[in-house]
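Colleague: Sending over a structure as structure tokens; questions will come in a sec.
The values are calculated or read from the model by the stated rules, or taken from the named source; none is laboratory data. The structure presented is a predicted model; accordingly, all values stated were derived computationally and were not measured. All Cβ positions, even for glycine, are placed from backbone atoms using ideal geometry, and neighbour counts span all protein chains on display. In case anyone asks, the SASA skips ligands and DNA or RNA and just uses the protein heavy atoms, side chains included. Shrake-Rupley method; radii C 1.70, N 1.55, O 1.52, S 1.80 Å.
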Amino acid sequence: MSGAIIRLGLLIALLAGISRVQLWRVDTGNSVMLAAGALLLCGMFAGKVAKGVGLPRLTGYLLVGVVVGPYALGFLPGEGVKGLELVKGLAVSLIALVAGTELHLGLIRRVGAKVALLCSAVCGVTFAVCFGALLALKPFLPFMASMTLPQALAVSALVSTVVVSFSPTVTIAIVQETSAKGSFTEFLMALVIIGDLFVMVAFAVAAGLTRASFGGGFDFRGLVGGVGWELFGSVGVGALLAVVMLIYMRRVNRELPLFLVGLCFAAAEGGTRLHLSPLLVALAAGAIIANLDEREGQRIHHAIQLAGLPVFALFFAAAGAGLKLSTLVTVGPAALLLVVVRALAIHQSCRRFAPAEDPRLRRYLWMGLVSQAGVTFGLAALISRTFPDFGPQVEVLIVAMITTHELVGPVLTRRALERSGEVRGDERPQTA
């Protein structure tokens, strides 16, 4: 680990030197390439350091991104970090594709009903608690202070649906890193995936109600059509991708990791433009392949493990670099209160409603539900674009919460998997 620390220190020193040289030059080169190269190298070494001290690699990626990013030491230009948005869709698609290969029909039969019931309880309790907290904070939140009661109720519901959301991206990444496998891990993965499906539907309804409360009218037919297209359209496109992958693996069968990266990139970019969910597209593709041909599903899993590490390191390091630390100052108290309230609601609802036959679910499951990342970012940005009067301030509040959840959540998720006893061999924490 000492070698990784030395190399990481040298890289950061080199970045500091480059940032100074850029101040003296008129032509500073391609800022996106600089950000990509720097974050990838720093992320890889930071991940090794984090693993060496018992933390998830993902935490190392995030922290080094925060440190060298434009909002801390400022070694990387902000426009360079923003230019890495393309990596986001690719990473989410690759992670979701791996998750899909774990969704066998046998798993759904075993835990599907229990997961759906617990997910409804956790999301419902968390929504109700956060909704009440936001209403209580109305006089102290500038964007809500002047709203009428119906408007405040609608906006509180809208924000609460986003606050409820989990992070399949972070959860699945930690599961991959630790090679965790077992009934607890399966339950956790299924719950975060189904939970975000609930959230997307609830968000669409809440957005329609909010638009109506501000005089925009409630378009029920358009609402149902939009939600239906995003859910069922994503599954349909995912099925098409599954057929393409199976044909390629059986007839071409060359450079599979490279092919999967290219296909996931195209699916993520195309899906976004068609108003589909890249997460659902890739998830459906992986699940269909795993249930049609389990051997090919395992090959996909192995290929992404070979090709995905640099993509994941760059994605999470870029996410860290994009965290605006100033938001913690401007809306810090309200965001911190909501973080605590949300965590307590998740903890208590898991303790109360998780299946009693597995005590681990009641003790540790809540830790795996704290993280927030891509889906939450996307919904916050959508609020900002859809409601320009108050949306940008809502986005600042939610991003401040995500900042805390991204730093704390991965650590808690890993701890939950370790305490469940499902982390494999060399990934187990060392004890004295």
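Colleague: Take each of the peptides 6-13, 279-286, 298-305, 360-367, average the number of other beta-carbon atoms within 10 Å over its residues, and list them starting from the highest.
Modeller: Ranked by mean Cβ neighbours within 10 Å, highest first: 279-286, 360-367, 298-305, 6-13.
Colleague: Give the residues of the stretch 117-141 whose amide nitrogen is closer than 20 Å to a point set 7 Å from the Cα of PHE214 in the direction of its Cβ.
Modeller: Answer for this model: 131, 134-141.
Colleague: Springs between alpha-carbon pairs under 10 angstrom, Gaussian network model over the chain: which of ARG273, ARG419, ARG57 fluctuates most?
Modeller: So, out of ARG273, ARG419, ARG57, the one fluctuating most is ARG273.
Colleague: Still on this model: Dipole size in debye (nearest 20) for the stretch 52-195 around its Cα centre, Lys and Arg Cβ +1, Asp and Glu Cβ -1? Intermediate results must be reported in sequence, preceding the final value.
Modeller: Values: 8 positive and 5 negative charges, 56 e Å.
The dipole of the stretch 52-195 has a size of about 260 debye.
Colleague: What whole-number value in Å² describes the accessible area per residue of the stretch 220-299 for a 1.4 Å probe?
Modeller: Accessible area per residue: 55 Å².
Colleague: Using only the alpha carbon atoms of the stretch 260-359, find the Kirkwood hydrodynamic radius as the inverse mean reciprocal pair distance, in angstroms to one decimal. Provide the component values of the computation, followed by the final result.
Modeller: Values: mean 1/r = 0.0565 Å⁻¹.
Taking every pair of different Cα atoms in the stretch 260-359, averaging 1/r and inverting gives 17.7 Å.
Colleague: Okay, next question. What ³J(HN,Hα) values, in whole Hz, does the Karplus curve 6.51 cos²θ - 1.76 cosθ + 1.60 give for the stretch 59-75 when θ = phi - 60°, with x put for Gly and Pro?
Modeller: Taking θ as phi minus 60°, the curve returns 5, x, 4, 5, 5, 5, x, 4, 5, 8, x, x, 9, 10, 6, x, 6 Hz for the stretch 59-75.
Colleague: While we're here: Ignoring ligands, DNA and RNA, please state the percent of accessible area on the stretch 342-404 from carbon and sulfur, probe 1.4 Å.
Modeller: 56
Colleague: Along the stretch 291-303, what does the Karplus equation 6.51 cos²θ - 1.76 cosθ + 1.60 (θ = phi - 60°) give for ³J(HN,Hα), rounded to whole Hz, x for Gly and Pro?
Modeller: 8, 7, 8, 4, 4, 5, x, 5, 5, 4, 4, 5, 5
Colleague: Extending each Cα 7 Å along its Cβ direction at LEU274 and SER2, get the distance between those two points in nm, one decimal.
Modeller: The modelled label-to-label distance comes out at 5.5 nm.
Colleague: Expressed in nm to one decimal, what extension gain is obtained for the pair ALA136 and LEU55 from 0.36 nm per residue of sequence separation less their Cα-Cα distance?
Modeller: That works out to 25.5 nm of additional length.
Colleague: Separate question: If a paramagnetic tag sat 7 Å from the Cα of MET33 along the Cα-Cβ line, which residues of the stretch 49-80 would have the backbone N under 16 Å from that point?
Modeller: It comes to 77, 80, nothing else.
Colleague: So, one more: In debye, nearest 20, what is the charge dipole magnitude of the stretch 56-133 about its Cα centre with +1 on Lys and Arg Cβ and -1 on Asp and Glu Cβ, if you could check?
Modeller: It comes to approximately 320 debye.
Colleague: With every protein chain kept in the model, how would you rank GLU177, GLU230 by accessible area, 1.4 Å probe, largest at the top?
Modeller: Correct descending sequence by accessible area is GLU230, GLU177.
Colleague: Estimate the FRET efficiency between VAL243 and LYS181 by the formula 1/(1 + (r/R0)^6), using the beta-carbon distance for r and 25 Å for R0, to the nearest 0.05.
Modeller: Between VAL243 and LYS181 the formula returns 0.35.
Colleague: Here's a follow-up. Sum -39500 (n - 2.57) across every DSSP H segment of at least 4 residues in the chain, then divide by the residue count to get the 222 nm mean residue ellipticity, nearest 500.
Modeller: Theoretical 222 nm ellipticity from helices: -26000 deg cm²/dmol.
Colleague: So I have (i) 1.06; (ii) 0.96; (iii) 1.44, and one of them is Rg/Rh (Cα atoms, Kirkwood Rh) calculated from this model. Which one is it?
Modeller: Entry (ii).
Colleague: Which one of ALA335, GLY271, ALA416 is farthest out on the positive end of the charge dipole of the chain, using unit charges on Cβ (Lys, Arg +1; Asp, Glu -1) and the Cα centre as origin?
Modeller: Towards the positive end, the residue furthest out is ALA416.
Colleague: Pop out the ³J(HN,Hα) list for the stretch 119-131 in order, Karplus 6.51 cos²θ - 1.76 cosθ + 1.60 with θ = phi - 60°, rounded to Hz; leave Gly and Pro as x.
Modeller: Listing the rounded values in order: 4, 4, 5, 5, 5, x, 5, 5, 4, 4, 5, 5, 4 Hz.
Colleague: I've got another one for you. Under 10 Å, Cα contacts only: if you run a Gaussian network model on the chain, which one of LEU40, LEU90, LEU337 comes out with the highest mean-square fluctuation?
Modeller: Greatest mean-square fluctuation among the candidates belongs to LEU337.
Colleague: Got a sec? What order do ASP358, ASP389 fall in by accessible area at 1.4 Å, biggest, i.e. largest, first?
Modeller: In descending accessible area the options line up as ASP389, ASP358.
Colleague: Follow-up. Please list SER213, SER156 from largest to smallest accessible area, probe radius 1.4 Å, with all protein chains kept in place.
Modeller: Details: SER213 40, SER156 0 Å².
In descending accessible area the options line up as SER213, SER156.
Colleague: Among VAL68, SER93, LEU369, which residue has its Cα positioned farthest towards the positive end of the charge dipole of the chain, with +1 placed on the Cβ of Lys and Arg, -1 on the Cβ of Asp and Glu, and the dipole taken about the Cα centre?
Modeller: Checked the options; the winner is LEU369.
Colleague: Can you tell me how much longer the chain between ALA72 and LEU149 gets when fully stretched, taken as 0.36 nm per residue apart minus their C-alpha distance, in nm with one decimal?
Modeller: That works out to 23.8 nm of additional length.
Colleague: Now for a separate question. Roughly how many percent of the accessible protein surface of the stretch 43-147 is carbon and sulfur, given a 1.4 Å probe and a whole-percent answer?
Modeller: 69
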